[in-house]
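**Q** Shown below is the structure under consideration.
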């Protein structure tokens, strides 16, 4: 890691992260046509965003946040329908994937140091972690230019929502490599499902500039004025098919998937550093 990387992380320690995120939240929702259109044009140029697949043209959004959380045209993403396939829940870059070392989840693999975090602390409920001890996990990072809606990777029933308050560090690769237990430190929304092979969890991890998560059919569930950890009310709709939309980040962040032991095998090309799109096969679940 370079001196610049360390300075970047040090700056995050010092910055008022929640205040900055609240400011970005307001700016992203300004509806002035001149302001929001200029912001969208600049963002598209800066990050080379592919806008042709979006339902709405770049100038047709009410605000920058509406553009950032844009829906895609039918057929822009194909969900793998093969029996027993597990699909990527989002577009992004694979940060890590593998097997849990007991209840330890790999955050970053470094030459000098292996950074991990506790699954129980991450989920916020020790009893919820028990079925996953020695299981499988995958971490997918959503860059600013990615499609930011999150979908269900495997058919199942939503049985629990749990909120864990926290800080709002950046979740890019540099910060993950230098901040211990980054994903436990950051704010997150844990979605618990029961699927055909047992339970699994999908976790929205908040980040710098990302203090807001919305769920389809509910609306914005984070940020919360009451920042106490605990369960959240379930939506009316609780049964999902593979590829159904679950929600979205209002600005980009990270999704973590957790599965029980011996429940799946990751496909060979789904490895750290690989690029994935929502709907493509990332693993095959075992039949039983």
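A short reminder: the numbers here are calculations on the coordinates, not readings from a lab. All values derive from a computational prediction rather than experimental measurement. Note that each Cβ is placed from the backbone with ideal geometry, even for glycine, and that neighbours are counted across all protein chains shown.
**Q** Any chance you could run the full-extension gain for residue 58 through residue 236? It's 0.36 nm times the residue separation minus the Cα-Cα distance, nm to one decimal.
**A** Full-extension gain reported as 60.8 nm.
**Q** How many nm is it between the label spots at residue 262 and residue 23, if each spot is 7 Å from the Cα in line with the beta carbon?
**A** If labels sit at residue 262 and residue 23, their model points lie 5.4 nm apart.
**Q** Sort out for me the Cα centre separation of the range 241-281 from the range 31-71, rounded to whole Å.
**A** 25 Å
**Q** Starting from 0.36 nm per residue, how many nanometres of slack lie between residue 228 and residue 42 once their C-alpha separation is accounted for?
**A** Going from the current span to full extension adds 63.2 nm.
**Q** Sorted by packing (mean other beta-carbon atoms within 10 Å per residue), highest first, where do 263-274, 122-133, 42-53, 142-153 land?
**A** Going by the mean number of other Cβ atoms within 10 Å, highest first, we get 142-153, 122-133, 263-274, 42-53.
**Q** How many nm separate the modelled label positions at residue 143 and residue 71, each set 7 Å beyond the Cα in the direction of the Cβ?
**A** 2.7 nm
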